[in-house]
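I have placed the structure first, in the form of structure tokens, so that the comments after it can refer back to it.
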Amino acid sequence: MELLLRCTRQHKVNTPIGFDVHDFLISAPPAVCPSCGNTIGLEPLVRIMLIVEDNDGPIPGFQGQRYRCASDPTKTFAEPHQEAFTSDPRAVTNPACKQTPEFKKLMAKINMQKLYTQGGFNLNELLAQE
Ligand SMILES: [Zn+2]
């Protein structure tokens, strides 16, 4: 069983903000952040996975829609208390889902909307989206 942990220290990343927490999976002790070596204050996270509409997907929606997990199309259910599904990319914690083109596309769309609605239009940020 893999456990998803979050290291809440600030890690340098290549984004406009420049730092972020680091989430990582472990399957056996010891729990060590692979990014900074931290061993204390690591927080267990529910593994929230991105689901996207797919007529042939194995995950049923509430009104007849079908979905599939962006990172694991064979996944049929979320393990209670450890996993959950969402269609909102901002809620996703599962590292594999964050690497998918579906996730990146949805986040780019949200970030683009933010740029326009907050009036903070920045051409360089727009170009960096895709
Ligand atoms: Zn760390």
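The values are calculated or read from the model by the stated rules, or taken from the named source; none is laboratory data. For clarity, every value in this text was computed on a predicted model and none was experimentally measured. Cβ placement follows ideal geometry from the backbone for every residue including glycine, while neighbour counts extend to all protein chains displayed.
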Filter result (at pLDDT 95 or above and not hydrophobic (A, V, I, L, M, F, W, C)) within the range 12-33: none
Could you list, ordered by first residue, the pairs with Cβ atoms under 9 Å in which the first is in the range 36-52 and at positive phi and at pLDDT below 95 and the second is within 14 Å of the ligand (Cβ to nearest atom) and hydrophobic (A, V, I, L, M, F, W, C), at least 6 apart or interchain? GLY41/CYS7
Could you list, in sequence order, the residues of the range 55-98 that are within 29 Å of VAL21 (Cα to Cα) and among the acidic types (Asp, Glu)? ASP72, GLU79, GLU83, ASP88
Can you tell me which of (1) closer than 29 Å to MET112 by Cβ; (2) within 16 Å of the ligand (Cβ to nearest atom); (3) exposed (fewer than 14 other Cβ atoms within 10 Å of the Cβ) is the one PRO30 doesn't meet? (1)
Tell me which residues, restricted to the range 1-19, are closer than 19 Å to ALA78 by Cβ, assigned to a loop (DSSP other than H, G, I, E, B) and either within 15 Å of the ligand (Cβ to nearest atom) or charged (D, E, K, R) (or both). GLU2
Hey, among the residues in the range 33-55 that are surrounded by 15 or more Cβ atoms within 10 Å (Cβ to Cβ) and among the charged types (D, E, K, R), which one's farthest from the ligand (Cβ to nearest atom)? ASP54
Among residues of the range 38-93, those that are of a type in the set (Phe, Trp, Tyr) and in contact with a strand residue (DSSP E or B) (Cβ under 6 Å, 6 or more places away or on another chain), counted: 2
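Can you report the number of residues in the range 79-95 which are in contact with a Cys (Cβ under 9 Å, 6 or more places away or on another chain) and either within 14 Å of VAL46 (Cα to Cα) or surrounded by fewer than 19 Cβ atoms within 10 Å (Cβ to Cβ) (or both)?
Total meeting the criteria: 2.
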Could you grab me the full set of residues in the range 53-64 that are assigned to a strand (DSSP E or B) and modelled with pLDDT under 95? PRO60
Which residue pairs have Cβ atoms under 7 Å apart, sit 6 or more places apart or on different chains, and have a first residue in the range 10-24 that is closer than 12 Å to SER35 by Cα and a second that is among the hydroxyl-bearing types (Ser, Thr, Tyr) and outside any strand (DSSP E or B)? HIS11/SER35; HIS22/SER35; ASP23/THR93
Lone unmet requirement of (1) more than 16 Å from the ligand (Cβ to nearest atom); (2) within 16 Å of the chain's Cα centre (by Cα) for HIS22: (1)
